[in-house]
Amino acid sequence: MKILKVIVGSRAHGLDTPESDTDYASVVAVPTTDVLKIGQQFKDRHNVNGSEDNVIYEIKHFLALSMKSNPTVLELFKAPAEYKHSIFGQPLLDLFPYVWSSQGAKSAALGYSRDQYNRFIKNTETRSRKYAATTIRVLYQAYQLLLTGNFNIRVVDSSIGEQLINFKNGWFSTEEFLEARNFWEEKVKSAFDSNPNKESDVNKVNEYLLWLRKENW
């Protein structure tokens, strides 16, 4: 059963060009009878069809990643919806305040920054542009989340929009990227210090998941 399909990537961030592909992410639920069978296991899928790229999560894994404040997964809660299941879609999106935690948001963003930096220094100029822009965007969104409890996915309209465009186009030096990365890592840490105690609500998440499993027998 398809629960949610959203637009992600550069088109969601407002950083797309006429040549940009359309990236999607979907959340689905397998029938509960399949979940209970021995040997049945749903794995996340990555489908590419022409210029359409779609990552598909099963609902349990999606919620588990959400509760780790995985920045790629949290974006699905804020991304433009292509499809929402009439019963289960909006209640899933309404879980956003309950899935993330302060410690998780900080750790996930800083870990993502380290990973993207390692990719940046090992890759070609074209790919490095992408990693630089992604690093700053994720840190900025984590800063927003920790400071306000929310974040905007369309970063082109934000205070760092011009900087991200420059990074994506390669109009920057390595020193400029490192300076921006260090700046936003410190901002994330500072925002965490101002809001260190926000916890995930596992009961609220399980309430939704059990309801869905019962209805999707």
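The values are calculated or read from the model by the stated rules, or taken from the named source; none is laboratory data. Remember, predicted model here, so these are calculated numbers, not experimental data. Don't worry about glycine lacking a Cβ; one is built from the backbone with ideal geometry, like all the others, and counts go over all protein chains shown. These area figures cover heavy atoms from the full protein model, side chains too; ligands, DNA and RNA do not enter into them. Shrake-Rupley method; radii C 1.70, N 1.55, O 1.52, S 1.80 Å.
Label separation (Asn152 vs Phe42): 3.4 nm, computed from points 7 Å beyond Cα along the C-beta direction. The distance separating the Cα centre of segment 5-37 from that of segment 130-182 comes to 22 Å. By the Stokes-Einstein formula, at 0.890 mPa s and 25 °C, segment 148-188 with its Kirkwood radius over alpha-carbon pairs has D equal to 217 µm²/s.
Relative to the longest principal Cα axis of the chain, at what angle does helix 102-122 sit, 0 to 90 degrees, rounded to 10? With rounding to tens, the tilt is 60 degrees. Legend: P(r) of segment 115-191 from all alpha carbon pair distances, 10 Å bins from 0, whole percents, reading 20, 53, 25, 2. Helix 202-215 and the long axis of the chain differ in direction by around 50°, with both axes built from C-alpha atoms.
Would you compute the Debye intensity of the chain from its alpha-carbon atoms alone, equal scatterers and no solvent, and pass along log10 I(q)/I(0) at q = 0.10 Å⁻¹ to two decimals? Normalising to I(0) and taking log10 leaves -0.47. Across segment 162-203, the residues whose backbone nitrogen lies under 17 Å from the label position 7 Å along the beta-carbon direction of Ser20 are 162-171.
Positive-end ranking of Ser10, Val138, Leu63 along the dipole of the chain, with charges on Cβ about the Cα centre, is headed by Leu63. Each of Thr32 and Asn118 was given a label point 7 Å from its Cα along the Cα-to-Cβ line. The distance between the two points is 4.0 nm.
Output the pairs from Lys84/Lys189; Lys168/Lys189; Lys2/Lys78; Lys5/Lys37; Lys43/Lys122; Lys106/Lys214 with a Cα-Cα distance over 23 Å in this structure; if there are none, say none. Exceeds cut-off: Lys84/Lys189; Lys168/Lys189; Lys5/Lys37; Lys43/Lys122; Lys106/Lys214. Using Cβ point charges alone (K and R +1, D and E -1), the dipole size of segment 71-207 about the Cα centre works out to roughly 320 debye.
Here the Debye sum runs over all C-alpha atoms of segment 1-126 as equal scatterers in vacuum, and log10 of I(q)/I(0) at q = 0.13, 0.22 Å⁻¹ comes out as -0.63, -1.40. Relative to the current alpha-carbon distance between Lys60 and Tyr83, full extension at 0.36 nm per residue lengthens the span by 6.4 nm. The residues of the chain have, on average, 53 Å² of accessible surface per residue, using a 1.4 Å probe with all protein chains present.
Take every pair of alpha-carbon atoms less than 8 Å apart whose residues are at least six positions apart; their mean separation over the length of segment 1-129 yields a relative contact order of 26 percent.
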